[in-house]
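**Student:** Can you read through this structure? Questions will come right after.
The values are calculated or read from the model by the stated rules, or taken from the named source; none is laboratory data. In this text, all values refer to a predicted model and were calculated from it rather than measured experimentally. Using ideal geometry, Cβ is built from the backbone for each residue, glycine included, and neighbour counts are taken over all protein chains shown.
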Amino acid sequence: MSEAADLLFTNVHLATMAPGAADGYGALPDAALAVKDGRIAWLGARRDAPPARTEHDCGGAWMTPGLIDCHTHIVHAGNRSNEWEARLNGATYEDIARQGGGIMSTVRATRAADVDALLAQSLPRVARLLSEGVTTLEIKSGYGLELEAEARMLRAAREVGRRLPVRVATTFLGAHALPPEFAGRADDYVDALCERMLPQLAGEGLVDAVDAFCERIGFTNAQTERMFLAARRLGLPVKLHAEQLSDQQGAELVARHGGLSADHLEHLSQAGIDAMARAGTVAVLLPGAYYFLREKVEPPIDALRKAGVPMAVATDCNPGTSPMTSLLLAMNMACTLWRLTPQEALQGASIHAARALGLHGEIGTLETGKRADLALWDIARPADLAYAMGSNPCRTVVKDGVVRAAHIAV
Ligand code: DI6
Ligand code: FE
């Protein structure tokens with residue numbers, strides 16, 4: 001490096017998560033890391049460190065890439081703890097649906113909320129994620145299901161990224177559920193999504209990717225493909241809620257369209273795995289929804305591993321099936337419920353999550369040239385991150401080279 005760095009982290013153990021490391025973590029004990037202009041400028045042994053204007057003694061902490069939650073519905077209004085409690089007191093899904101509950105109760109609350117109201121409810125949820133070292137967050141629309149309400153969700157998502165130290169990637173999920181105005185006319189709704197809503201929202205710069213819920217209770221494979229074609233006409237990448245409750249060959253479909261990720265995947269077939277491996281589509285695992293719904297069919301982890309499909313882990317934070325704002329807990333669940341290794345779980349919240357957002361050139365590992373998005377942890381070894389249920393060992397977080405305390409007040 002020709003000039004002095006802005007900032008040098010010393011007395012630190014690095015888990016670089018860089019590809020190809022023999023131990024999977026890319027562990028560099030007793031190291032140092034230099035930041036210049038918001039990017040990682042150098043990393044290596046302390047004695048070789050370049051000069052820097054400021055030094056940050058990490059006190060023997062571990063440093064990982066800032067964590068990445070690559071699948072959330074975190075911007076929404078209301079919560080459904082009332083329905084959850086009613087169910088645990090014996091109410092059936094039918095009772096709840098008859099009283100207008102379920103996903104439509106979140107749609108009603110979200111439609112009634114302006115951007116400020118959405119932010120007032122969503123920022124505390126985001127702050128909880130950020131206190132655990134998250135520096136990048138994907139946020140989906142999909143509780144508006146009409147142009148203006150979808151636009152407000154996406155504007156609120158962008159605003160989250162302006163108000164808090166987090167990089168936000170937005171995803172248009174207009175094809176999440178059929179709004180009541182289109183009852184019995186799903187194809188007309190998909191027309192409206194493809195021809196009016198998506199082009200308008202993309203034109204306003206509100207959409208980074210396009211997603212759909214391809215399921216018997218969602219949208220068909222053919223309707224999903226129409227969404228993908230509309231996305232591709234606008235130059236937007238696609239991803240998919242696929243094979244969560246049944247095998248709809250959604251993974252094959254999203255892979256055929258060069259998709260960034262297929263998400264959930266409990267009912268994924270070998271043909272789906274092979275298609276994802278060929279296309280480089282990431283498998284995003286969402287153990288929170290599996291846990292909360294008490295599902296029994298596990299995603300085919302070992303077959304994904306054997307096929308070399310990168311596996312990400314995310315919270316799926318949403319009020320109906322995964323009311324969770326802890327990515328560390330999602331990592332623990334992926335290990336405990338599905339036997340991921342702690343190292344795979346951490347890859348799933350860093351390098352592979354970055355790939356699921358198409359951002360792996362910028363974030364997800366500690367490598368020279370990447371954004372200086374970093375998390376510092378009071379732990380004995382990296383496995384502690386997935387191991388210690390309900391604890392938060394995050395001490396300090398760095399985004400684009402700017403240092404902050406882990407806890408954020410909103
Ligand atoms: N899959 C899910 O589990 C959630 N959405 C989806 O596509 C459910 C969303 C909700 O119930 O609010
Ligand atoms: Fe989801």
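**Student:** List the helices (runs of 4 or more DSSP H) that sit entirely inside the range 298-391 and contain at least 2 residues that are under 22 Å from H407 (Cα atoms). Break it down stepwise before answering.
**Tutor:** On the way: elements: 301-307, 327-338, 342-348, 351-356, 384-387.
Result: 327-338, 384-387.
**Student:** Is at least one residue of the range 317-335 over 28 Å from S141 (Cα atoms), over 18 Å from the mean Cα position of the chain (by Cα) and modelled with pLDDT of 95 or more? Spell out the reasoning first.
**Tutor:** First pass over the range 317-335, keeping only residues over 28 Å from S141 (Cα atoms): 335.
Filter again for over 18 Å from the mean Cα position of the chain (by Cα), leaving none.
No, the range 317-335 contains no residue that is over 28 Å from S141 (Cα atoms), over 18 Å from the mean Cα position of the chain (by Cα) and modelled with pLDDT of 95 or more.
**Student:** Ok, one more. Any residue at all in the range 335-347 that is within 16 Å of ligand 2 (Cβ to nearest atom) and in contact with a strand residue (DSSP E or B) (Cβ under 9 Å, 6 or more places away or on another chain)?
**Tutor:** Checked the range 335-347: no residue is within 16 Å of ligand 2 (Cβ to nearest atom) and in contact with a strand residue (DSSP E or B) (Cβ under 9 Å, 6 or more places away or on another chain).
**Student:** For the range 238-255, name all the residues that are more than 22 Å from D191 (Cβ to Cβ) and more than 14 Å from ligand 1 (Cβ to nearest atom). Let's see the steps before the verdict.
**Tutor:** Here is the first cut: in the range 238-255, the ones more than 22 Å from D191 (Cβ to Cβ) are 242-247, 249, 251-252, 255.
Scanning the range 238-255 gives D247, Q249, A251, E252, A255.
**Student:** Further question: Which of the residues spanning the range 1-51 are among the polar types (S, T, N, Q) and closer than 28 Å to A386 by Cβ?
**Tutor:** T10, N11, T16
**Student:** Has the range 140-148 got at least one residue that is within 19 Å of the chain's Cα centre (by Cα), small (G, A, S) and away from ligand 1 (no atom under 15 Å from the Cβ)?
**Tutor:** Restricting attention to the range 140-148, the residues satisfying the condition of being within 19 Å of the chain's Cα centre (by Cα) are 140-143.
Imposing the further condition that a residue be small (G, A, S) reduces the set to 141-142.
Imposing the further condition that a residue be away from ligand 1 (no atom under 15 Å from the Cβ) reduces the set to none.
For the range 140-148, residues within 19 Å of the chain's Cα centre (by Cα), small (G, A, S) and away from ligand 1 (no atom under 15 Å from the Cβ): absent.
**Student:** Select from the range 139-157 the residues that are surrounded by fewer than 24 Cβ atoms within 10 Å (Cβ to Cβ) and either assigned to a loop (DSSP other than H, G, I, E, B) or in contact (Cβ under 8 Å) with a residue 60 or more places away in the chain (or both) and list them in ascending order.
**Tutor:** E146
**Student:** Go through (1) away from ligand 1 (no atom under 16 Å from the Cβ); (2) over 19 Å from G235 (Cα atoms); (3) out of contact with any helix residue (DSSP H, G or I) (no Cβ under 7 Å at 6 or more places or on another chain) and name the single condition G203 misses.
**Tutor:** (2)
**Student:** Condition check: at pLDDT below 95, within 16 Å of ligand 1 (Cβ to nearest atom) and not basic (K, R). Does L285 satisfy that? Can you show your working first?
**Tutor:** Values: at pLDDT below 95: no; within 16 Å of ligand 1 (Cβ to nearest atom): yes; not basic (K, R): yes.
No: the conditions fail for L285.
**Student:** Consider the range 228-276. How many of its residues are within 21 Å of the chain's Cα centre (by Cα) and within 16 Å of ligand 2 (Cβ to nearest atom)?
**Tutor:** Here the count works out to 21.
**Student:** Condition test on A356, is it within 16 Å of ligand 2 (Cβ to nearest atom) and either crowded, with 23+ Cβ neighbours inside 10 Å or more than 20 Å from the chain's Cα centre (by Cα) (or both)? First the steps, then the outcome.
**Tutor:** Numbers: within 16 Å of ligand 2 (Cβ to nearest atom): yes; either crowded, with 23+ Cβ neighbours inside 10 Å or more than 20 Å from the chain's Cα centre (by Cα) (or both): yes.
So A356 passes the test.
Conditions tested, residue by residue: (1) within 26 Å of L286 (Cα to Cα); (2) among the hydroxyl-bearing types (S, T, Y); (3) touching a strand residue (DSSP E or B) at 6+ places or on another chain (Cβ under 8 Å); (4) touching a residue at least 40 places away in the same chain (Cβ under 8 Å).
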{"position": "L67", "(1), (2), (3), (4)": "yes, no, yes, yes"}
{"position": "N89", "(1), (2), (3), (4)": "no, no, no, no"}
{"position": "I103", "(1), (2), (3), (4)": "yes, no, no, yes"}
{"position": "A109", "(1), (2), (3), (4)": "yes, no, no, no"}
{"position": "A113", "(1), (2), (3), (4)": "no, no, no, no"}
{"position": "A117", "(1), (2), (3), (4)": "no, no, no, yes"}
{"position": "G133", "(1), (2), (3), (4)": "yes, no, yes, yes"}
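**Student:** Further question: Give the residues of the range 278-292 that are assigned to a loop (DSSP other than H, G, I, E, B), away from ligand 2 (no atom under 12 Å from the Cβ) and closer than 26 Å to V75 by Cβ, sorted by residue number. Steps first, please.
**Tutor:** Going through the range 278-292, the residues assigned to a loop (DSSP other than H, G, I, E, B) turn out to be 280-281, 286.
From what's left, away from ligand 2 (no atom under 12 Å from the Cβ): 280-281.
Scanning the range 278-292 gives a single hit, T281.
**Student:** Within the range 312-328, take every residue that is within 16 Å of ligand 2 (Cβ to nearest atom) and among the hydrophobic types (A, V, I, L, M, F, W, C) and give me the one that is nearest to T72 (Cα to Cα).
**Tutor:** So, considering only residues that are within 16 Å of ligand 2 (Cβ to nearest atom) and among the hydrophobic types (A, V, I, L, M, F, W, C), the one nearest to T72 (Cα to Cα) is C317.
**Student:** Given the structure, is L118 assigned to a loop (DSSP other than H, G, I, E, B), at pLDDT 95 or above, within 16 Å of ligand 1 (Cβ to nearest atom) and not hydroxyl-bearing (S, T, Y)? Can you show your working first?
**Tutor:** Working: assigned to a loop (DSSP other than H, G, I, E, B): no; at pLDDT 95 or above: yes; within 16 Å of ligand 1 (Cβ to nearest atom): yes; not hydroxyl-bearing (S, T, Y): yes.
No.
**Student:** Checking T106 against (1) within 26 Å of G401 (Cα to Cα); (2) out of contact with any helix residue (DSSP H, G or I) (no Cβ under 9 Å at 6 or more places or on another chain); (3) buried (at least 19 other Cβ atoms within 10 Å of the Cβ); (4) not charged (D, E, K, R), which single condition isn't satisfied?
**Tutor:** Going through (1) within 26 Å of G401 (Cα to Cα); (2) out of contact with any helix residue (DSSP H, G or I) (no Cβ under 9 Å at 6 or more places or on another chain); (3) buried (at least 19 other Cβ atoms within 10 Å of the Cβ); (4) not charged (D, E, K, R) one by one, T106 breaks only (1).
**Student:** With T365, T325 as the choices, which residue is buried (at least 19 other Cβ atoms within 10 Å of the Cβ), within 16 Å of ligand 1 (Cβ to nearest atom) and closer than 30 Å to K399 by Cα? I'd like the intermediate steps shown before the answer.
**Tutor:** Numbers: T365 fails: within 16 Å of ligand 1 (Cβ to nearest atom).
Matching residue, one of T365, T325: T325.
**Student:** Moving on to the next point. In the set T136, T54, T64, which member is away from ligand 2 (no atom under 16 Å from the Cβ), surrounded by fewer than 21 Cβ atoms within 10 Å (Cβ to Cβ) and of a type in the set (S, T, N, Q)?
**Tutor:** Numbers: T136 fails: surrounded by fewer than 21 Cβ atoms within 10 Å (Cβ to Cβ); T64 fails: surrounded by fewer than 21 Cβ atoms within 10 Å (Cβ to Cβ).
Checking each option against the conditions leaves just T54.
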